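**Student:** Please find one structure pasted underneath; my questions will follow.
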Amino acid sequence: MEAWLSKLYDTFIATGHYKMMLDGLKTTLILTAGALVIGVIIGVIIAVIKYFADDVPFLKPFAVIGDFYVTVIRGIPVVVLLMLFFYVFLVSAHGIVVGIITFGINSGAYMAELIRSGINAVDKGQMEAARSLGMSKIQATRKIILPQAIRYILPAIASEFIALIKETSVAGYVAVVDLTRAGNLVRNNTYDAINPLMIVALTYLILVITLTQLMNALERRLKKNAAHDRNH
Amino acid sequence: MQHMIEITDLKKNFGTLEVLKGIDYSIDKGDVVCIIGPSGSGKSTFLRCLNLLEKPTSGKIVFEGDDLTDKHVDLNQHRQKMGMVFQQFNLFPHMTVMQNLTCAPEMLKKLPHEAAVSRASELLERVALSDKADAYPAQLSGGQKQRVAIVRALCMEPDVMLFDEPTSALDPEMVGEVLDVMKNLASAGMTMVVVTHEMGFAKEVANKVVFLDEGVIVESGSPEDIFDRPQSERLRGFLSKVL
């Protein structure tokens, strides 16, 4: 036990490596948060375009582009995308920026799909009832469809967020020192493999468990709100 | 006199399937029209074409002088005057009964909240559901839901009410309460178009009955014409199965 503690001290404290790990954690969180914001924005834009494309001919080509984007992004491993952006498309940008953009663009494709399926999960009769009262599609969507769809969409976005945290662990491929990369550097510098890697693993686990708890609480609240309104 | 709704050569295809094969009909103010026919005959599609929930493949729907199939017509404006009641009720589950009733009048007719509430309360009382104003749809029985759905449409003060099999999804013991509300509505002079399997209701309340089969109007006329003096083999066959 004492030997292990002194090993820990040597690996992290004496050498100042704990700071590297903390910075890595910070970078992981920045990558994830930035990508989430970009992902949600892209997802919403594509979902909205596809949603209205049937009614607004002008949007049709954009919907096709959106479909193309979703297909392409979902078919390429994110680490390959990351390297493409870093070494080919965004050569002069900083690694973290490239990371945020890549993970954001990647996540956007999934967000678009989960927003679309959340809206589709609302019974078709709801839109018909709203339209039959004289609401426009936009009015009906805002007042009737979205408040119901959000109950399917929010938990799905929360899961996407959790997946994103782990996804960013490949950022080290483009020289970004995120949590994973920091742990690996400490291993490299200290010849102590088990402790840095276990701490990295444990940190991800704690992050994910915490967020899952939050997500469950959110879902419970949405369910409670929805409890009184199952229609049949 | 101008008809309230005038339907000319209405056709509707779903893909290669011809559901409506050219329907001509007109509905006047105060009419209670019941549309009967076997399932798959196109009754619901016909009704849903009247307010363009289904877009006709061809033909004209002239409502109060305006052709609804014309692209330049403000459809939302006209739909405010055509209330619709669905088989599955389609109440808004995330709103209370009162919010279901006041939401459209406030949003579309810019009715002040108090005015919308007082009108809704009055109508709710007429269907004996005043005590359910703050309930959510899931807390209501099927019959109560359908009565609320009727009131929701009435709150827009429509000129005509369209009913799409309003009692088909109800337990048998709740059919009566919904039909009663519809009878009262009819005797108050509301123009109504009702797709129904309730032959008793059609006989008693309608002044016009339309028998639709395979996308065409096979017979139409007074309830006596249809039920007591059916002309065609198809209508006779249908009636022998349902009566």
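**Student:** State the percent of C-alpha pairs, over all pairs in region B:15-142, separated by a distance greater than 21 angstrom. Walk me through the intermediate numbers first.
**Tutor:** Values: 4448 of 8128 pairs.
Tail of the P(r) past 21 Å holds 55 percent of the pairs.
**Student:** Please name whichever of A:ALA3, A:THR28, A:ILE157 sits farthest to the positive end of the charge dipole of region A:2-231, dipole taken about the Cα centre and charges placed at Cβ: Lys and Arg +1, Asp and Glu -1.
**Tutor:** A:ILE157
**Student:** With the Cα gyration tensor of region B:67-181 in hand, give its eigenvalues times 5 under a square root as the equivalent ellipsoid semi-axes, listed largest first in whole angstrom.
**Tutor:** On the way: eigenvalues 109, 68, 26 Å².
Largest first, region B:67-181 gives 23, 18, 11 Å.
**Student:** Among B:ILE35, B:ILE226, B:ILE61, whose mean-square fluctuation peaks in a Gaussian network model of chain B (Cα, cutoff 10 Å)?
**Tutor:** Evaluated over chain B, the most mobile residue of the options is B:ILE226.
**Student:** Another question about this same structure. May I ask you to derive the relative contact order of chain B, considering only C-alpha pairs under 8 Å and at least 6 residues apart, and to give it as an integer percent?
**Tutor:** 26 percent
**Student:** If you average the C-alpha positions of region A:94-172 and of region A:2-29 separately, how far apart do those two centres end up, in angstrom?
**Tutor:** Distance between centres, Cα-based: 38 Å.
**Student:** Just name one of B:LEU75, B:PRO56, B:ILE27: the one whose Cα is farthest towards the positive end of the charge dipole of region B:21-84 (beta-carbon charges, Lys/Arg +1, Asp/Glu -1).
**Tutor:** Checked the options; the winner is B:PRO56.
**Student:** From Cα pairs below 8 angstrom and at least 6 apart in sequence, can you work out the relative contact order of region A:99-232, rounded to a whole percent?
**Tutor:** Working: 82 pairs, mean separation 30.6, N = 134.
That works out to 23 percent.
**Student:** If you put +1 on each Lys and Arg Cβ and -1 on each Asp and Glu Cβ, how big is the dipole of region B:130-216 around its Cα centre, in Debye rounded to 20?
**Tutor:** 180 debye
**Student:** Please compute the average number of Cβ atoms from other chains found within 10 Å of each residue's Cβ in peptide B:72-80.
**Tutor:** Partner-chain Cβ atoms within 10 Å, mean over residues of B:72-80: 3.
**Student:** Once amide H atoms are built 1.01 Å from N in the peptide plane, which residues 5 or more positions from B:ILE35, or in another chain, come under 5 Å H to H?
**Tutor:** Answer set, sorted by chain and number: B:VAL194, B:VAL195, B:THR196, B:VAL210.
**Student:** I need the P(r) histogram for region A:2-231: all alpha carbon pairs, bin width 5 Å from 0 out to the longest distance, whole percents.
**Tutor:** It works out to 1, 6, 11, 14, 14, 13, 11, 9, 7, 5, 3, 2, 1, 1, 0, 0, in whole percents.
**Student:** Sticking with this one: Using DSSP, restrict attention to beta bridges with both residues in the protein assembly as shown and report what percent are antiparallel, rounded to the nearest 5.
**Tutor:** Working: 20 of 37 bridges.
Approximately 55 percent, going by the DSSP bridge assignments.
**Student:** Under 15 Å from the Cβ of A:GLU167, count the other residues' Cβ atoms, weight Lys and Arg +1, Asp and Glu -1, and hand me the total. Could you put the intermediate results ahead of the total?
**Tutor:** Working: positive: A:ARG74, A:LYS166, A:ARG181; negative: A:GLU160, A:ASP178.
Summing Lys and Arg as +1 and Asp and Glu as -1 gives +1.
**Student:** Would you be so kind as to identify which of A:PRO61, B:HIS3, A:GLY16 lies farthest towards the positive end of the dipole of the protein assembly as shown, taking Lys and Arg as +1 and Asp and Glu as -1 on Cβ and the Cα centre as origin?
**Tutor:** Checking the options against the dipole of the protein assembly as shown, the answer is A:GLY16.
**Student:** A further question follows. Restricting to chain B, compute how many DSSP beta bridges are antiparallel as a %, nearest 5.
**Tutor:** Bridges in chain B that DSSP calls antiparallel: roughly 55 percent.
**Student:** Then there's this: Residue by residue, what Karplus-based ³J(HN,Hα) values in Hz, rounded to whole numbers, does region B:76-84 have, using 6.51, -1.76 and 1.60 with θ = phi - 60° and x for Gly and Pro?
**Tutor:** 4, 4, 6, 5, 4, 9, 10, x, 9
**Student:** While we're on this one: Over chain A, with a Gaussian network built from C-alpha contacts below 10 Å, which listed residue (A:ILE13, A:ILE96, A:ILE150) shows the highest mean-square fluctuation?
**Tutor:** Sorting by GNM fluctuation, first place goes to A:ILE13.
**Student:** Which residue, B:LEU53, B:LEU212, B:LEU17, has the most motion in a Gaussian network model of chain B that connects Cα atoms within less than 10 Å?
**Tutor:** B:LEU17
**Student:** With a Cα-only, solvent-free Debye model of chain B, what are the log10 I(q)/I(0) values at q = 0.11, 0.13, 0.14 Å⁻¹?
**Tutor:** -0.58, -0.81, -0.93
**Student:** Here is a follow-up. What residues qualify as long-range amide H neighbours of B:ALA135, i.e. H under 5 Å apart, gap of 5 or more or another chain, H built at 1.01 Å from N?
**Tutor:** B:VAL97, B:MET98
**Student:** Of A:LYS124/B:LYS203; A:LYS143/A:LYS166; A:LYS124/B:LYS12; A:LYS60/B:LYS109, which ones are farther than 28 Å apart at the Cα? Don't skip to the end; give the middle numbers.
**Tutor:** Details: A:LYS124/B:LYS203 33 Å; A:LYS143/A:LYS166 36 Å; A:LYS124/B:LYS12 20 Å; A:LYS60/B:LYS109 32 Å.
Cα-Cα > 28 Å for A:LYS124/B:LYS203; A:LYS143/A:LYS166; A:LYS60/B:LYS109; rest within.
**Student:** Subtract the Cα-Cα distance of B:GLU125 and B:ASP67 from 0.36 nm times their separation in residues, and report this length gain in nm to one decimal.
**Tutor:** My answer for the length gained is 17.3 nm.
**Student:** Can you figure out the FRET efficiency of B:SER187 with A:LEU218, using R₀ = 60 Å and their beta-carbon distance, to the nearest 0.05?
**Tutor:** Result of the calculation: an efficiency of 0.70.
**Student:** On alpha-carbon atoms, Rg over Rh for region A:12-84 using Kirkwood Rh?
**Tutor:** We get a ratio of 1.25 for region A:12-84.
**Student:** Quick check for you: which residues of region A:1-17 have the amide N under 17 Å from the point 7 Å beyond the Cα of A:ASN189 toward its beta carbon?
**Tutor:** Residues passing the 17 Å test: A:7-17.
**Student:** For chain A, return all DSSP H helices satisfying: extent of Cα atoms along own axis at least 27 Å; mean Kyte-Doolittle hydropathy at least 1.0. List each step's numbers first, then the result.
**Tutor:** Details: long enough: A:17-52 (52 Å, 1.52); A:95-120 (37 Å, 1.03); A:146-167 (30 Å, 0.90); A:194-227 (48 Å, 0.84).
Within chain A the helices that satisfy the rule are A:17-52, A:95-120.
**Student:** Please report, to one decimal in angstroms, the Kirkwood hydrodynamic radius of the protein assembly as shown built from all distinct Cα-Cα pairs.
**Tutor:** 26.5 Å
**Student:** Next question. Measure nothing fancy, just the Cα-based angle from helix B:233-242's long axis to the longest principal axis of chain B, in degrees from 0 to 90, nearest 10.
**Tutor:** That helix lies at roughly 40 degrees to the long axis.
Values quoted throughout were computed directly from the atomic coordinates according to the rules given, and no laboratory measurement underlies them. Just so you know, these numbers come straight off a predicted model, no measurement behind them. Note that we place each Cβ from the backbone using ideal geometry, even for glycine, and neighbour counts take in every protein chain shown.
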